[in-house]
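Take a look at the structure below.
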Amino acid sequence: MTKLNGTHFSLHRQIGKFLYPYYKGGLEFREETALADYFSKPSPYYDSLSYSFTGLEPEAELMDNMERMFTDKVPDKSLFFNESNSAHHLTYFLVKETARRMDGGSKLLVINFDQHMDYGTPFGRFFCGSWGCRVCAAGCDYMVVGSNRRITSFKAEESSGRAYDMTQLADCIKERHGDCAKIYVTVDMDVLENPATPRRTNWNPGHIDFPTLERLIGSLPADRITAADITGFPPVDTNKDRETLTALEPYIADIRKTAEILCNLMGIAPYL
């Protein structure tokens, strides 16, 4: 297969003959960016389900360093892949850079298709479950689609969210976020239902099927989408035989199809 037109962020290094912690199948990407020196966790299932910063500096200083690292690395109409949704907070830095590049006074809406809210509290630690409130603190609007089988909309200037039915995506964007000039889309693959084993991602599965996800993403206003990412490649048990990886192929196919949908919305070629 030709390379997907996007940047893939890896969080681990290959060690000897062991399987890589996340399965990519036959997918190849336009660019591979290693973040093992920035975010760390010994293995996909180790202790905390969230990745933490690598470094001894205070969290705020580490976040500033990450923001500088992403400066000018998020061009318009670009797609990114984050191998683990336990590091979904990487999206925050992509969003901050997207917002920085926008015209002064323009606001960005971040739409997160996710089984979880990822909103957290403004004064809590920065991790995969709290980056949404940081997005709002940065002056962006934030919307979660799929968590609790509903849509939850957060305005940058408001302290609480507003719930919508899953059928009201277009209405929510128009009524609540009509003042947002551009949209950043992030898709956590745990938003999808997963009735079989092995697990689709590190986290428990969601409640919607792929055709529903495809319809929801496809209904977004294409002319306003400026960038997107996909997070949540399936984790690999290094003790398993390679033959068991065939069971993960449908999940990889869903990632590939999601990438195609997002690229088509942005008007860019899905493959090189």
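Observations, loosely collected:
- Normalised contact order of the chain, rounded percent, pairs of Cα under 8 Å and 6 or more residues apart: 23 percent
- In degrees, nearest ten, helix 249-266 long axis to first principal axis of the chain (Cα): 30 degrees
- For a straight C-alpha distance cut-off of 19 angstrom, the aspartates and glutamates reachable from Lys24 (same-chain residues fewer than eight places away being disregarded) are Glu32, Glu83, Asp188, Asp190, Asp229, Asp237, Asp241, Glu243, Glu249, Asp254, Glu260.
- Placed amide H near Val236: partners under 5 Å, 5+ positions off or other chain: Tyr22, Tyr23
- The count of lysine pairs in the range 93-248 whose Cα atoms are under 29 Å apart, excluding pairs fewer than 8 places apart on the same chain, comes to 10.
- Acute angle (nearest 10 degrees) that the helix 90-100 long axis makes with the longest principal axis of the chain, alpha-carbon atoms: 40 degrees
- Measuring nothing but alpha carbons in the range 19-126 and taking Rh as the Kirkwood radius, the Rg to Rh ratio lands at 0.95.
- Each residue, Arg101 and Glu28, gets one label point 7 Å from its Cα in the Cβ direction; the gap between the two is 2.5 nm.
- Amide H contacts for Ile208 (H built 1.01 Å from N in the peptide plane; partners 5 or more residues away or on another chain; cut-off under 5 Å): Glu193.
- Electrostatic dipole magnitude of the chain [Cβ: Lys, Arg +1; Asp, Glu -1; Cα centre; debye, to 20]: 180 debye
- Given charges at Cβ of Lys, Arg, Asp, Glu: the chain dipole, positive-most of Tyr20, Tyr51, Gly218: Gly218
- Spatial separation of Cα centroids for the range 98-172 and the range 212-272, in angstrom: 21 Å
- Taking amide H atoms as placed 1.01 Å from N in the peptide plane, the amide H of His8 lies under 5 Å from those of Glu31, Glu32, Thr33, Phe81, each 5 or more residues away in sequence or on another chain.
- The spread of Cα positions in the chain, taken along each principal axis and listed from longest to shortest, comes to 51, 44, 35 Å.
- Percent of Cα pairs exceeding the 23 Å cut-off, where the set is the range 145-272: 39 percent
- Nearest 10 degrees, 0 to 90: helix 59-69 Cα axis against the chain principal axis: 90 degrees
- Only Lys, Arg (+1) and Asp, Glu (-1) charged, at Cβ; the range 1-105 dipole about Cα centre in debye: 440 debye
- Using θ = phi - 60° and Karplus 6.51 cos²θ - 1.76 cosθ + 1.60, couplings along the range 143-157 (whole Hz; Gly, Pro as x): 9, 10, 10, x, 5, 6, 6, 8, 10, 10, 10, 10, 9, 4, 8
- Remark on the range 126-175: Rg and Dmax equal 11.0, 31 Å (Cα only).
Since every read-out is calculated from the coordinates, none of them should be taken as a lab result. Everything numeric in this text was worked out from a predicted model, so none of it was measured. Every residue, glycine among them, receives a Cβ derived from its backbone with ideal geometry; neighbour counts consider all protein chains shown.
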